[in-house]
Amino acid sequence: MTVPIQLHMRLRIIVVGGGFTGAAFILHAIRSLRGPLDFEVIEPAGEIGRGIAYGAADSRHRINVPSERMSLFPDDPLHAVRWLFDKDILPGDGASRDAAGHHYVPRRDYGAYVADTLRQALSETRGRVRLRHHRTQAQDVCRQGARWSVKLADGEAITGDYVILSFGHAAPRAPFPVSAEAAADPRLVTDPWRNNALAGLSRDASLLLVGTGLTMVDMVETLLSRGHQGGITLVSRHGLLPRPHGLFGVSVDLLQGGAAPSSALALLRLVRRQVREAVRQGLGWQPVADAVRFDLGNIWPALPVAEQRRVIKRLLPYWDVHRFRISPQACATLERAIWTGRVVLQKAAVLSVEAESRSLVATLRRGGTVERRPFDGVVLCIGPDKDLNRNPLARNLLASGLARSDALHFGLDVDRHSRLVADDGHAHATLLALGPMTRGTFGEMTGAPDIVRQIVIVTRSMADSVAMQASA
């Protein structure tokens, strides 16, 4: 849906969400758009650039990718590493270095890198770029002539030439019934990323951690570092744990010049064949998983929607544990805890949680058996809620027809340039969505490197569009 941009003295861009994705977008927009810019950033948190992912206070919560692969600038892969050395975070943090010489720094330090890089970039523009931070939430977006008006929760309305949706998902919520008494019990931790979320759990408490992905890993690190003595039980439907890292920098030609697979089964067979060959060569399976990730832009669109659904239903849990791998430090902690019996892993589905007497009682289904087990605390490690209707802005966009869900109902539908697709199938030229909410379109848009690569494409396309209209 192309509506001409009314060029003003300053191009105004409204960025809804000031976590990693929003900050990375602003950085690359500054690089690509040469004229005067005003950014209106809608972000409730006090600092732009951290978000939930990199706002963790616990130094044991580390990025799960080496810092040399986490640069904000793909054309300068060591940018993050240089910053970490300049700030004496490296090599001072000796615990971050693994046996191969890679550094897995605390998430809070990486968040500081993002925030400081943004501050420096803004200062270097010497007034060409201005940024205003609104510590509130966006409620609605509507057309105002050739521009957009964004209504804020505090009652203010902001008008801009572009709107960039870069907000994260909603806070976690239980995917199973929880009694009212259990919901009000502080020993049920639904949002483990909330400040001092685990403070109400005694050190000798028997705990149930629901979910066995990266969030669980961080919670185990925190609990054990606090000297937790009670039993810790981990459960998930598939009982899978994040896999460790292997070789980096090894290139695997996944498609080998051939066409992308057109079915979930063909994709699985291709990956298995490549893994067998990589293992035979002594490379391990990790380079193949990385090749799938980096070639997903060609693989995912080639799959019909029915086959994409089949991938989600049948393969996603196995893909996630190979894709979202674990830092060596956290891997060692978790393996040691399981080996010594401090942590027990079980394949089970949680059917409900209730409060009874002095315990939280979880009803678990293990195979064909259903059992009720008491715990002193339950921690949800299931990741953020992906229901867009819980976000007022997304809900209003869908209701108005300005946006629609993607075919997989993973998030908002966008085109290849991240332009939001309306209910009538047309893409808005100046209303865009970035980050995890676009995963259904791209197959993967969760990791920082993936998000940055897409942002580079988006900001260059924006620059071309603005330049064309300026010369028209």
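Residue by residue, here is whether (1) surrounded by 22 or more Cβ atoms within 10 Å (Cβ to Cβ); (2) not hydroxyl-bearing (Ser, Thr, Tyr) holds:
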| residue | (1), (2) |
| --- | --- |
| HIS28 | yes, yes |
| SER32 | no, no |
| GLY35 | no, yes |
| PHE39 | yes, yes |
| ILE52 | no, yes |
| ASP58 | no, yes |
| ARG69 | no, yes |
| LEU78 | no, yes |
| GLY92 | no, yes |
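Condition first: of a type in the set (Gly, Ala, Ser) and either crowded, with 19+ Cβ neighbours inside 10 Å or in a helix (DSSP H, G or I) (or both). Now tell me which residues in the stretch 282-295 satisfy that. Outline the logic, then answer.
We begin by selecting, within the stretch 282-295, every residue of a type in the set (Gly, Ala, Ser); these are 282, 284, 289, 291.
Listed by number, the residues that qualify are ALA289, ALA291.
I need the full set of residues from the stretch 23-57 which are under 12 Å from LEU118 (Cα atoms) and either among the hydroxyl-bearing types (Ser, Thr, Tyr) or not in a loop (DSSP other than H, G, I, E, B) (or both), in order please. Break it down into steps so the answer makes sense when it comes.
Taking the stretch 23-57 as the starting set, the residues that turn out to be under 12 Å from LEU118 (Cα atoms) are 23-31, 47-50.
Matches in the stretch 23-57: ALA23, ALA24, PHE25, ILE26, LEU27, HIS28, ALA29, ILE30, ARG31.
Yes/no per residue for (1) in a strand (DSSP E or B); (2) within 23 Å of GLY435 (Cα to Cα); (3) under 24 Å from the mean Cα position of the chain (by Cα):
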position	(1), (2), (3)
PHE85	no, no, no
ALA100	no, no, no
ALA115	no, yes, yes
GLY127	no, no, no
TRP148	yes, yes, no
LYS151	yes, yes, no
GLY155	no, no, no
VAL163	yes, yes, yes
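Return a yes/no flag: does the stretch 234-247 have any residue that is touching a Leu at 6+ places or on another chain (Cβ under 7 Å) and β-branched (Val, Ile, Thr).
Checking the stretch 234-247: at least one residue is touching a Leu at 6+ places or on another chain (Cβ under 7 Å) and β-branched (Val, Ile, Thr).
Quick check on my filter: what residues within the stretch 296-346 are polar (S, T, N, Q), crowded, with 19+ Cβ neighbours inside 10 Å, more than 20 Å from LEU247 (Cβ to Cβ) and out of contact with any Gly (no Cβ under 9 Å at 6 or more places or on another chain)? Spell out how you get there, then give the answer.
So in the stretch 296-346, the residues polar (S, T, N, Q) come out as 298, 308, 327, 329, 333, 340, 346.
Of the ones still in play, those that are also crowded, with 19+ Cβ neighbours inside 10 Å are 308, 327, 333.
Going one step further and asking which of them are more than 20 Å from LEU247 (Cβ to Cβ), we end up with 308, 333.
Hit for the stretch 296-346 is THR333, nothing else.
Can you tell me which residues in the stretch 251-263 are touching a residue at least 40 places away in the same chain (Cβ under 8 Å) and either surrounded by 12 or more Cβ atoms within 10 Å (Cβ to Cβ) or assigned by TED's automatic domain parsing to the domain that holds ASP295 (or both)? Write out each step before concluding.
First, the residues of the stretch 251-263 that are touching a residue at least 40 places away in the same chain (Cβ under 8 Å): 251, 254-255, 259-263.
Matches in the stretch 251-263: LEU254, LEU255, ALA260, PRO261, SER262, SER263.
Have a look at THR333, THR363 and point out the one that is outside any strand (DSSP E or B), hydroxyl-bearing (Ser, Thr, Tyr) and closer than 23 Å to VAL189 by Cα. Explain how you work it out, then say what you get.
On the way: THR363 fails: outside any strand (DSSP E or B).
Sole residue among the options that is outside any strand (DSSP E or B), hydroxyl-bearing (Ser, Thr, Tyr) and closer than 23 Å to VAL189 by Cα: THR333.
Could you tell me which numbered condition LEU201 fails, if it satisfies all but one of (1) outside any loop (DSSP other than H, G, I, E, B); (2) in contact with a Pro (Cβ under 9 Å, 6 or more places away or on another chain); (3) in contact (Cβ under 8 Å) with a residue 12 or more places away in the chain?
Failed condition: (1).
Based on this model, can you work out whether ILE48 counts as within 20 Å of ARG126 (Cβ to Cβ) and modelled with pLDDT of 90 or more?
Details: within 20 Å of ARG126 (Cβ to Cβ): yes; modelled with pLDDT of 90 or more: yes.
Considered against the rule, which asks whether it is within 20 Å of ARG126 (Cβ to Cβ) and modelled with pLDDT of 90 or more, ILE48 comes out as yes.
Looking at the stretch 137-148 only, could you name the residues that are of a type outside the set (Lys, Arg) and either surrounded by 14 or more Cβ atoms within 10 Å (Cβ to Cβ) or without any contact (Cβ under 8 Å) to a residue 40 or more places away in the chain (or both)? Even if it seems obvious, please write down each step before you answer.
If we filter the stretch 137-148 for residues that are of a type outside the set (Lys, Arg), which is where we start, we get 137-142, 144-146, 148.
Listed by number, the residues that qualify are GLN137, ALA138, GLN139, ASP140, VAL141, GLN144, TRP148.
Could you check the stretch 194-210 and list, in sequence order, the residues that are crowded, with 18+ Cβ neighbours inside 10 Å and under 21 Å from HIS61 (Cα atoms)?
Hits for the stretch 194-210 are LEU198, LEU201, LEU207, LEU208, LEU209, VAL210.
Does VAL421 satisfy the condition of being over 26 Å from GLY230 (Cα atoms), of a type in the set (A, V, I, L, M), in contact with a strand residue (DSSP E or B) (Cβ under 6 Å, 6 or more places away or on another chain) and crowded, with 16+ Cβ neighbours inside 10 Å?
So VAL421 fits the description; yes.
Check the stretch 31-51 and report whether any residue there is out of contact with any helix residue (DSSP H, G or I) (no Cβ under 6 Å at 6 or more places or on another chain), within 28 Å of LEU334 (Cβ to Cβ), in the same structural domain as ILE455 (by TED's automatic domain parsing) and basic (Lys, Arg). Lay out the reasoning, then the answer.
From the stretch 31-51, those out of contact with any helix residue (DSSP H, G or I) (no Cβ under 6 Å at 6 or more places or on another chain) are 31, 34-38, 40-46; that's our starting set.
Those still in the list that are within 28 Å of LEU334 (Cβ to Cβ) too: none.
Looking for residues that are out of contact with any helix residue (DSSP H, G or I) (no Cβ under 6 Å at 6 or more places or on another chain), within 28 Å of LEU334 (Cβ to Cβ), in the same structural domain as ILE455 (by TED's automatic domain parsing) and basic (Lys, Arg), one finds none in the stretch 31-51, hence no.
Test of understanding: among ARG372, ARG390, ARG358, which residue is at pLDDT 95 or above, out of contact with any helix residue (DSSP H, G or I) (no Cβ under 6 Å at 6 or more places or on another chain) and not assigned by TED's automatic domain parsing to the domain that holds LEU296?
On the way: ARG390 fails: at pLDDT 95 or above; ARG358 fails: at pLDDT 95 or above.
Answer to the check: ARG372.
Can you name every residue in the stretch 264-281 that is surrounded by 19 or more Cβ atoms within 10 Å (Cβ to Cβ) and within 28 Å of the chain's Cα centre (by Cα)?
The initial filter retains those residues of the stretch 264-281 that are surrounded by 19 or more Cβ atoms within 10 Å (Cβ to Cβ), namely 264, 267, 270-271, 274-275, 278.
The answer is ALA264, LEU267, LEU270, VAL271, GLN274, VAL275.
For LYS151, work out the one condition from (1) more than 14 Å from LEU393 (Cβ to Cβ); (2) assigned by TED's automatic domain parsing to the domain that holds THR136; (3) surrounded by 14 or more Cβ atoms within 10 Å (Cβ to Cβ) it doesn't fulfil.
(1)
Output the number of the condition that LEU432 fails; it satisfies all remaining conditions of (1) free of Cβ contacts under 8 Å to residues at least 24 places away in the same chain; (2) touching a Ser or Thr at 6+ places or on another chain (Cβ under 7 Å); (3) of a type outside the set (Phe, Trp, Tyr).
LEU432 satisfies all of (1) free of Cβ contacts under 8 Å to residues at least 24 places away in the same chain; (2) touching a Ser or Thr at 6+ places or on another chain (Cβ under 7 Å); (3) of a type outside the set (Phe, Trp, Tyr) except (1).
Checking ARG416 against (1) under 20 Å from THR441 (Cα atoms); (2) modelled with pLDDT of 95 or more; (3) not in a strand (DSSP E or B), only one condition comes out false. Which one?
So the condition that ARG416 fails would be (2).
Taking the conditions exactly as written (at pLDDT 95 or above and out of contact with any Asp or Glu (no Cβ under 8 Å at 6 or more places or on another chain)), does LEU90 satisfy them or not?
Details: at pLDDT 95 or above: no; out of contact with any Asp or Glu (no Cβ under 8 Å at 6 or more places or on another chain): yes.
Against the criterion (at pLDDT 95 or above and out of contact with any Asp or Glu (no Cβ under 8 Å at 6 or more places or on another chain)), LEU90 does not qualify.
The values are calculated or read from the model by the stated rules, or taken from the named source; none is laboratory data. Quick caveat: nothing in here was measured; it's all calculated off a predicted structure. When we count neighbours, we look across all protein chains shown, and the Cβ atoms used for this are built from the backbone with ideal geometry, even at glycine.
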